[in-house]
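Everything below concerns the one structure shown next.
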Ligand code: NAI
């Protein structure tokens, strides 16, 4: 375009950023890369090409890691771990700070290399990806510094395997590596096969920072290398990518004892109310769905517009879309760059081509003749069940439908298997803040979108995965409670000679939906005391009883909306009622378990109820000061319906230790009572019945755990499963949980001291809550 043409059309000129330094850096490396293992680059081996998606040119050749490479990387990380952790928080903080400084120093090189490799506009890599990656290292230098004072009961996990996607290559690396290193772990990271170059430049930066060898190891390759890392001798897997692969990793790590966090896909709603500033909402959409070509897990890809303004809004949106400039990612005046790879371009093209519903508007922008480009696209008039309304497209394609009332908007927004993020656009603060808590998502942005910061946890619920990255909550994924635990001894039921302790038949029923219920199968089993006396019978629950309990728990959703104050009162009331019957309960425990320790267990159970009554209105969220015009309210919300397999060895205290924190935080629970000693739980039903606990909030099942637990773990309407039984069902539970990617907290056959401090506290409260970060405008 000539200068006079630019004057004529008032269009933007071309403002290319030079690729010279980045290309020179690639040449300096010989255009071929090995892995970064134990502080040095390995000899390049057989591999694959990394191409610039904007023009198809080969940028470098990368090495496909072999099993031996992965083993060497894991070994190096394992060797480096004790010294790295031993450096202490301040020692590690100095290195993290050095890494942050070096990322800043080389920021232009990183930005250009990122745009060359990924196809994202240089404006984005320069102003968003790279600065946010730096911020993550600065923030976590601080977390390392504060660890000993602020997290005195936590320690590093060990070696973390980390597998990341191609949409934010350096930023995802920072999200994974910075918190892991800060907490004293060492890492083996695999970048995505399309975009490994900035990770290799980062490896170079680790050398420049003098990072001890083996602390960071980077291996390149495709999904099969990811699989090798998942199977390797690591203590944790942190994964960001597609839900399909996340599910496979959940299954592959089941029962292994490896800690796992999954940050998966989304189909995030973008809700525009009729009182919204429509022009701002249109501008927001440019950031929501055309940022990074829509290849963003939290992209506002599902537009929900209030009916009265839908037509006007869509018209404004189309006009704005037609002004978007698509082209060379290194041109500073383009809005939309290249799709990461022709494979992804084909996925997007095929998905859109498969749709025949609604009306499609394709932006007027001229596309470059070569390279992997897709035009900004809007599809209006879709129905909520249409495939494109439900499936993640992961491209610059926005789908839209309308709603009539705020309640409609919430129902539509939540009509998805995902739960990563949501955007609300309204000038009415009452409306926006009324909607935010009702949205099933890990993040809500009000009058803004796609905002991210190291101080605010990022992550989702449902099939968007579990765990958070960033913030204080992100650290729990890289630490574990200090101390060693012993293997749990199997506790078996006693057998007897058939003499009833009491001539009246006492068959305890199940407790479902606030009522004592006969078991569906109609069977019960005798419960014998240590002396051999028959203490009564307990019902044998099956999967239908579980189903009824889940329905009852789902129907008790009102509990999750009650105040902490109310929940505290009910927990205190339960404590009072248990205390009144302390003698009876301790006698029951003694006859079931033998010995004379029952009174201690009852006393501890009463105290525990008091503890969680106390916490019910005190386990507050936080307000994060984020470096954007606003604050992020980190709200603690209930997880939903929690299924808990109670410990066998502490039939009353163990059950209350599971039930009370879950209830205190607003969850509904389905408890599988102690298998050998179920009568403590069935007696406790009478306490529940006299303590104003609403129907369905607590449900009690008895019988062999193995009859119910696999179904519990696979159930689509259960949000989390905890397991403390003495038969190690961890593998079964973790594997089956992949159905809806529910959270799991299992003992892997290790014992817990229920009488001591390990039996209660913040670990339980954290497991009973999800942190939702609600970003609201605040201040100037
Ligand atoms: P992907 O989930 O296959 O790849 C992400 C990472 O996982 C890459 O490093 C890949 O090599 C690795 N990987 C692949 N298979 C693996 C396995 N079995 N075990 C361990 N690691 C494995 O994503 P892909 O194929 O690149 O993109 C496909 C779709 O995934 C996209 O269209 C998009 O819908 C979604 N996606 C979501 C992302 C997010 O941030 N939530 C990021 C990237 C993709």
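What follows draws every value from the coordinates through simple rules; no lab data is involved. Just so you know, these numbers come straight off a predicted model, no measurement behind them. FYI the Cβ positions are ideal-geometry reconstructions off the backbone, even for glycines, and counts take in every protein chain you see.
Taking the Cα atoms of the stretch 544-663 alone, what are Rg (to one decimal) and Dmax (as a whole number) in Å?
In order Rg, Dmax, the Cα atoms of the stretch 544-663 give 18.0, 63 Å.
Do you know the relative contact order of the stretch 188-233, to the nearest whole percent, from alpha carbon pairs under 8 angstrom that are 6+ apart?
Result for the stretch 188-233 is 57 percent.
Can you bin the stretch 670-754 into rounded, prolate or oblate? Criterion: square roots of the alpha carbon gyration tensor eigenvalues sorted a ≥ b ≥ c, rounded for a/c under 1.5, prolate for a/b above b/c, oblate for the rest.
Note, shape of the stretch 670-754 comes out oblate.
Helix 88-105: angle to the longest alpha-carbon principal axis of the chain, degrees 0 to 90, nearest 10?
20
What full-extension length gain, to one decimal in nm, is calculated for residue 108 and residue 525 as 0.36 nm per residue of separation minus the Cα-Cα distance?
Full extension from residue 108 to residue 525 adds 143.0 nm.
Looking at the stretch 615-702 from every direction and averaging, what is the projected area of its Cα convex hull in nm²?
7.0
Would you mind computing Rg(Cα) / (2.2 N^0.38 Å) for the stretch 522-590, counting N as its residues?
Cα-based Rg divided by the globular estimate yields 1.57.
Please give the per residue volume of the convex hull enclosing the alpha carbon atoms of the stretch 103-244, rounded to a whole number of Å³.
So the per-residue hull volume is 114 Å³.
Could you tell me the relative contact order of the chain? Use alpha-carbon pairs under 8 Å, at least six residues apart, and round to a whole percent.
12
Please report, largest first and rounded to whole Å, the three semi-axes of the ellipsoid equivalent to the stretch 125-198, where each semi-axis is the square root of five times an eigenvalue of the C-alpha gyration tensor.
Listed largest to smallest, the semi-axes of the stretch 125-198 are 24, 16, 6 Å.
Take peptides 543-552, 80-89 and line them up by average Cβ neighbours within 10 Å, highest first, as a rough protection proxy.
Result, highest mean first: 543-552, 80-89.
Report the percentage of all Cα-Cα pairs in the stretch 461-570 whose separation exceeds 23 Å, rounded to a whole percent.
Taking all Cα-Cα pairs of the stretch 461-570, the fraction more than 23 Å apart is 63 percent.
Rounded to the nearest 500 deg cm²/dmol, what is the calculated helix-only ellipticity per residue at 222 nm for the chain, with -39500 (n - 2.57) per DSSP H run of length n ≥ 4?
Mean residue ellipticity at 222 nm (helix-derived): -12000 deg cm²/dmol.
Report the per residue volume, in Å³, of the convex hull enclosing the C-alpha atoms of the chain.
Dividing the Cα hull volume of the chain by its residue count gives 158 Å³.
Working from Cα positions, state the angle (0 to 90°, nearest 10) between the long axis of helix 543-555 and the longest principal axis of the chain.
Compared with the principal axis, the helix lies near 70 degrees.
In whole Å, what are the extents of the stretch 232-287 along the principal axes defined by its C-alpha atoms, from largest to smallest?
Projected onto its principal axes, the Cα set of the stretch 232-287 covers 53, 15, 14 Å.
Using Cα-only point scatterers and the Debye equation, what is log10 of I(q)/I(0) for the stretch 243-376 at each q in 0.12 Å⁻¹, rounded to two decimals?
-0.60
Using a 7 Å offset from Cα along Cα-Cβ at residue 146, what residues in the stretch 428-463 end up with backbone N under 13 Å from the label point?
Within reach of a label on residue 146: 454-457.
Of 139, 41, how do they rank once you tally other Cβ atoms within 10 Å and put the fewest first?
41, 139
When you count, for each residue, the other Cβ atoms within 10 Å and take the mean per peptide, how do 201-208, 261-268 rank with the highest first?
Descending mean neighbour count gives 261-268, 201-208.
Tell me, how many Å apart are the Cα centres for the stretch 656-677 and for the stretch 508-547?
So the two Cα centres are separated by 17 Å.
Return a whole-number percent for the relative contact order of the stretch 413-487, with Cα pairs under 8 Å and 6 or more residues apart as the contact set.
It comes to 28 percent, rounded to a whole number.
With a point put 7 Å past each Cα toward its Cβ, work out how far residue 580 is from residue 561 in nm, to one decimal.
3.1
Between residue 346 and residue 55, what is the spin-label point distance in nm, taking each point 7 Å from the Cα along the Cα→C-beta axis?
Result: 2.4 nm between the two label points.
Over all directions, average the projected area of the Cα convex hull of the stretch 177-243 and note it in nm².
Answer in nm², one decimal: 4.9.
Can you pull the Kirkwood radius for the stretch 59-165, inverse mean 1/r over Cα pairs, to one decimal in Å?
So the Kirkwood estimate lands at 16.2 Å.
State the dimensionless ratio Rg/Rh of the stretch 615-774 (Rg: radius of gyration of Cα atoms; Rh: Kirkwood radius).
On the Cα set of the stretch 615-774, Rg over Rh gives 1.00.
Express as a percent, rounded to the nearest 5, the fraction of DSSP beta bridges in the stretch 406-522 (both residues included) that run antiparallel.
The answer is about 50 percent antiparallel.
Measure out, as a whole number of angstrom, how far apart the alpha-carbon centroids of the stretch 394-432 and the stretch 106-134 sit.
With the stretch 394-432 and the stretch 106-134 each reduced to a Cα centre, they are spaced 30 Å.
Measure out, as a whole number of angstrom, how far apart the alpha-carbon centroids of the stretch 284-352 and the stretch 41-78 sit.
When both Cα centres are located, 32 Å separates them.
What ranking, highest mean first, results for peptides 145-152, 33-40 when packing means the other Cβ atoms within 10 Å averaged over each residue?
33-40, 145-152
For the stretch 707-780, what is one quarter of the convex hull surface built on the Cα atoms, given in nm²?
7.4
Can you tell me the orientation of helix 679-689 relative to the chain, as the angle in degrees between its alpha-carbon axis and the longest Cα principal axis, to the nearest 10?
For helix 679-689, the angle is close to 80 degrees.
What three numbers, in Å, describe the spread of the alpha carbons of the stretch 258-306 along their principal axes, ordered from the longest?
Ordered largest first, the stretch 258-306 gives principal extents of 48, 20, 12 Å.
Scaled to the compact-protein estimate 2.2 N^0.38 Å, what is the alpha-carbon radius of gyration of the stretch 1-122, rounded to two decimal places?
Expressed relative to 2.2 N^0.38 Å, the Cα Rg reads 1.49.
Could you list the square roots of 5 times each eigenvalue of the Cα gyration tensor of the stretch 15-71, that is, the equivalent ellipsoid semi-axes, sorted largest first and rounded to whole Å?
26, 13, 8
Need one word for the stretch 588-630: rounded, prolate or oblate. Basis is the Cα gyration tensor (sqrt eigenvalues a ≥ b ≥ c); a/c below 1.5 gives rounded, then a/b vs b/c decides.
prolate
When the C-alpha atoms of the stretch 346-413 are aligned to their principal axes, what extent does each axis show, in angstrom, from largest down?
46, 21, 18
Across the stretch 194-295, how large is the tail of the calculated P(r) beyond 17 Å, expressed as a percent of all Cα pairs?
Pairs farther apart than 17 Å: 69 percent.
Give me D for the stretch 400-516 in µm² s⁻¹, whole number, from Stokes-Einstein with Rh from the Kirkwood sum over alpha-carbon pairs, 4 °C and 1.567 mPa s.
Here the translational diffusion coefficient equals 66 µm²/s.
Using 0.36 nm times the number of residues separating residue 599 and residue 407, minus their current alpha carbon distance, what extension gain do you get?
64.1 nm
Of all beta bridges DSSP finds with both residues in the chain, what is the antiparallel percent, to the nearest 5?
If we restrict to bridges inside the chain, about 40 percent are antiparallel.
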